[in-house]
Amino acid sequence: MTTEPAIPAEPSIPEPNPSSSFFNRLVAEALGTLLLVAGGIGTAILAANFPSAAHNSLGVGHLGVALAFGLTVVVGAYAFGPISGGHFNPAITLGVAAAGRFPWNEVVGYIVAQLVGGIVGSSIIAAIASSKSGFFAAARDGGFASNGYGDHSPGHFGLGGAIIVEIVFTAIFVFVVLGTTAKIGAVGFAPLAIGLALTLIHLITIPVDNTSVNPARSLAAAVYGGGWAWAQLWVFIVFPIVGGLLAGFTYRPLFGKTFTAVA
């Protein structure tokens, strides 16, 4: 006689600390998103091409920017994850809520905190850029590391490519978050896997649309990116959310009954 594998109660992971107040969790989400935006966008603007695009002898380039986004997630998740769960991304928050592992009544608060943290992060980079004559204006004219398609895509990829990237790779990212934080996941390694996944996603997709997979990151850059960044921002809000929800709603039907209970 065969028996179905035991199915554990769904953990609310990325799991907020039950001893932390909702306000504490919102502050942690804001600070984590600030770190992600300041680290990732800051690297793109201040360090990708150094001392200049024409003489990039010390710049970190595409690889460095991808690593910066991944590393900020690793650091932020270890630092603030024990308080808030370490989402730092509206698409993640919506995805884990859709998977039944985060309360819907906290979603709006988390997203507002993430948006505020992201804008503060990009504002810090803007303040630094403004301390050098002409540097902020050049960064703004270049889009301030905003996401874009068509003429504003690094590789001149079109709208269709940007839509596919944002749906598919956000869904993959949310699957990684849900899988590595499940009860059967390796304890303590989820932030590392999630950060590496974000690095990989950037390595693949920066040439297509400068990589969003995070509406908070896109809004934060567009604040200083000028008219075209605002005009194209809707793509990088709508389609990462579509990808996150797609992964969240399909995760349990696809994988929910494969879990084995652990002590």
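The values are calculated or read from the model by the stated rules, or taken from the named source; none is laboratory data. For clarity, every value in this text was computed on a predicted model and none was experimentally measured. Backbone-built Cβ (ideal geometry, glycine too); neighbour counts: all protein chains shown. The protein model used for the area step is the full one, side chains on, heavy atoms only, and it has no ligands, DNA or RNA in it. Shrake-Rupley method; radii C 1.70, N 1.55, O 1.52, S 1.80 Å.
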(request) Could you order GLU106, GLU166 by accessible surface area, starting with the largest, using a probe radius of 1.4 Å? (result) GLU106, GLU166
(request) Just need the relative contact order of region 55-166 here, percent rounded to a whole number, with Cα pairs under 8 Å and 6+ apart. (result) 10 percent
(message) Between 0 and 90 degrees, rounded to the nearest ten: what's the tilt of helix 61-84 against the longest Cα principal axis of the chain?
(response) 40 degrees
(request) Tabulate in residue order the Karplus-calculated ³J(HN,Hα) for region 113-130, using 6.51 cos²θ - 1.76 cosθ + 1.60 with θ = phi - 60°, rounded to whole Hz; enter x for Gly and Pro. (result) 4, 5, 5, 5, x, x, 5, 4, x, 5, 5, 4, 5, 4, 5, 5, 4, 6
(message) Quick check: with the 1.4 Å probe, what order do VAL112, VAL27, VAL174 take by accessible area, largest first?
(response) VAL112, VAL27, VAL174
(request) Can you work out the accessible area per residue across the chain, with the rest of the protein chains kept in place, probe 1.4 Å, in square angstrom? (result) 44 Å²
(request) Would you work out which of GLY109, GLN232, LEU35 lies farthest towards the positive end of the dipole of the chain, given +1 charges on the beta-carbon of Lys and Arg and -1 on that of Asp and Glu, about the Cα centre? (result) LEU35
(message) If the only charges are +1 at each Lys and Arg Cβ and -1 at each Asp and Glu Cβ, what is the size of the charge dipole of the chain around the Cα centre, to the nearest 20 debye?
(response) 180 debye
(request) Within 10 Å, count the other beta carbons around each residue, average over each peptide in 150-162, 229-241, 209-221, and list them highest first. (result) 209-221, 229-241, 150-162
(message) When a/c reaches 1.5 or more, the comparison of a/b and b/c decides; with that in mind, is region 87-235 rounded, prolate or oblate per its Cα gyration tensor?
(response) prolate
(message) Rounded, prolate or oblate, given the Cα gyration tensor of region 129-211, with a/c below 1.5 counting as rounded?
(response) oblate
(request) Run the dipole for region 119-251 about the Cα centre, Lys and Arg Cβ at +1, Asp and Glu Cβ at -1, nothing else charged, and hand back the magnitude in debye, nearest 20. (result) 280 debye
(message) As I understand it, the dipole of region 80-191 uses +1 on the Cβ of Lys and Arg and -1 on the Cβ of Asp and Glu, about the Cα centre. Which of SER133, ASN147, THR180 lies farthest toward its positive end?
(response) THR180
(request) Give the relative contact order (percent, whole number) for the chain; include only Cα pairs under 8 Å separated by 6+ residues. (result) 30 percent
(request) If a/c stays under 1.5 just call it rounded; otherwise compare a/b with b/c (prolate if a/b is bigger, oblate if not). Do that for region 166-231, with a ≥ b ≥ c from the square roots of the Cα gyration tensor eigenvalues. (result) prolate
(message) Distance between the C-alpha centers of region 94-141 and region 143-194? Whole Å please.
(response) 16 Å
(request) State, as an integer percentage, the relative contact order of region 146-263 based on alpha-carbon contacts under 8 Å between residues 6 or more apart. (result) 41 percent
(request) List, in order, the whole-Hz ³J(HN,Hα) value for each residue of region 94-99 obtained from phi through the Karplus relation with A = 6.51, B = -1.76, C = 1.60 and θ = phi - 60°; use x for Gly and Pro. (result) 5, x, 6, 5, 5, 7
(request) With θ set to phi - 60°, apply the Karplus curve 6.51 cos²θ - 1.76 cosθ + 1.60 along region 220-229 and write out the HN-Hα couplings as whole Hz, x wherever there is a Gly or Pro. (result) 4, 6, 5, 3, 10, x, x, x, 5, 5
